[in-house]
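Working notes, beginning with the structure itself.
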Amino acid sequence: TTAASSSPLSNPGASSSSSSIATPSQQNRPIKLEIGAGDGEWAVEQALADSKDAYWMALELRFDRVYKAFMHTLLNQARNIAIIGGDARAILRRNLPPNSVRHVFINHPEPPQQRQSHGELKSQAKHLLTASFMRQIHNILEEGGKGKMTIVTDNLWYGRMLLHTISQLTRGSA
């Protein structure tokens, strides 16, 4: 896990492998998180728009994209965003305390491969947005109806699959 930051979000006294992100109550601003931030352009734009109202985190697996996102942060002088490189599952589990994030954004996630089975399209490959990962997201979201998650996809099949996964969680069967 690698974190590059130009903001007060991370705990400077802790090592990178065990550090925890500051909670909103410690900073008096909500934290917003983009998972799968790519080159970071969208997250940096949002951070600049929210510069006085929120702290942002942009989480990306690929380190070449982490570098580009950090460069966008520096070039745009965004001071309320942390760029974090690493596996989202591990980072959410180890570094984000429960009830610490106001809004999670997942913009155009890569859909898994599809396969046909008995006339129905099913997921063939492993992918990030599983029921288990959705539970992790739910755990870090603020309680009391404040925490929100937004997923944007232009893949109808994948969107339906995600809706099915989430509906199974709300019914307690996933």
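The values are calculated or read from the model by the stated rules, or taken from the named source; none is laboratory data. Since the structure is predicted, the reported quantities are computational estimates derived from the model, not experimental observations. Every residue, glycine as well, gets a Cβ built from its backbone with ideal geometry; the counts of neighbours run over all protein chains shown. Ligands, DNA and RNA are excluded from the accessible area calculation, which covers all protein heavy atoms including side chains. Shrake-Rupley method; radii C 1.70, N 1.55, O 1.52, S 1.80 Å.
Worth pointing out:
- Rounded to the nearest 10 Å², the accessible area of Ile151 at probe 1.4 Å: 50 Å²
- Ordering 43-51, 153-161, 31-39 by mean Cβ neighbour count within 10 Å, with the highest value first, yields 31-39, 43-51, 153-161.
- Around Gly40: net Lys/Arg minus Asp/Glu count, Cβ-Cβ under 11 Å: -3
- For Gly147, residues with placed amide H under 5 Å, excluding near neighbours: Glu142
- Taking all protein chains into account, the per residue accessible area for the range 44-89 stands at 52 Å² (1.4 Å probe).
- Carbon + sulfur, % of accessible area of the range 41-102 - ligands and nucleic acids excluded, 1.4 Å: 50 percent
- Distance between the C-alpha centres of the range 38-63 and the range 125-174: 21 Å, rounded to the whole angstrom.
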